[in-house]
Amino acid sequence: MNASTKSLQSAVAHYFEDRGNFGVEDYLHAYGDPRQALLLYRLFFPQFAAVDGHVVLASRIDVPGEPDGLRRRLRDEDRPPCELLEGYRWTEVPYEFANSSLSDEHDELLACLLARAWKAALMSEFPDRTWETAVLSTSVTGSVVGLCFREAV
């Protein structure tokens, strides 16, 4: 889904639409929780880590020894670094939640919103580089909607 800001806003509004005059902002006011908003910050703006100049999701290397393991694999493996780094630069969107009850269509909408936020976060944190984000279809991931980033070439 390559959606403009306006079409994303329309899609979100449609998801929360009701028969009356209750819009997205009304739902936010009635059911939103500021603690959830603070928690979801990390979903929209994940932590990134640079390993030997390669940017990856910090959550992928938040295991003791994993940054050194990635360095070793980058040094020793025969495949190009961009192939190896792919596994450290993506997530399956529904699996970010213990209770995921959205459809693939709604997961894709969330992934589109996250893609915009991730790109903004990457551009802010690494302004000397050019970034791309992409929504991955279920046929690409083999199971659910995914989201990835890469440095533009």
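Under the condition of being closer than 25 Å to GLU83 by Cβ and assigned to a loop (DSSP other than H, G, I, E, B), the residues counted in the range 94-153 number 11. Could we say that THR141 is of a type outside the set (A, V, I, L, M), at pLDDT below 95 and surrounded by 14 or more Cβ atoms within 10 Å (Cβ to Cβ) here? Yes; evaluated as a whole, the condition is true for this residue.
Going residue by residue through the range 72-88, is there one that turns out to be in a loop (DSSP other than H, G, I, E, B), closer than 30 Å to SER4 by Cβ, modelled with pLDDT of 90 or more and out of contact with any Ser or Thr (no Cβ under 6 Å at 6 or more places or on another chain)? Within the range 72-88 (the criterion being in a loop (DSSP other than H, G, I, E, B), closer than 30 Å to SER4 by Cβ, modelled with pLDDT of 90 or more and out of contact with any Ser or Thr (no Cβ under 6 Å at 6 or more places or on another chain)), the answer is no, since none of the residues qualifies.
A quick yes/no check of all residues on (1) surrounded by 14 or more Cβ atoms within 10 Å (Cβ to Cβ); (2) closer than 17 Å to VAL55 by Cα:
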| residue | (1), (2) |
| --- | --- |
| LEU85 | yes, yes |
| SER100 | yes, no |
| LEU114 | yes, no |
| LYS119 | yes, yes |
| PHE126 | yes, yes |
| THR130 | no, yes |
| THR133 | yes, yes |
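For the range 1-42, filtering for residues that are at pLDDT 90 or above and of a type in the set (Phe, Trp, Tyr) leaves 1.
Restricting the range 48-67 to residues that are assigned to a strand (DSSP E or B) and under 19 Å from the mean Cα position of the chain (by Cα), which is surrounded by the fewest Cβ atoms within 10 Å (Cβ to Cβ)? Among residues in the range 48-67 that are assigned to a strand (DSSP E or B) and under 19 Å from the mean Cα position of the chain (by Cα), the one surrounded by the fewest Cβ atoms within 10 Å (Cβ to Cβ) is ALA50. Scanning the range 104-142 for residues that are touching an Asp or Glu at 6+ places or on another chain (Cβ under 7 Å), more than 22 Å from GLN9 (Cβ to Cβ) and either assigned by TED's automatic domain parsing to the domain that holds LYS6 or touching a residue at least 40 places away in the same chain (Cβ under 8 Å) (or both) gives ARG129, THR141. For the structure I just gave you, tell me whether ALA30 is in contact (Cβ under 8 Å) with a residue 12 or more places away in the chain and either in the same structural domain as GLU92 (by TED's automatic domain parsing) or not in a loop (DSSP other than H, G, I, E, B) (or both). No.
The values are calculated or read from the model by the stated rules, or taken from the named source; none is laboratory data. Source: prediction; values computed, not measured. Methodologically, a virtual Cβ is constructed for each residue, glycine included, from the backbone with ideal geometry; neighbour enumeration extends over all protein chains shown.
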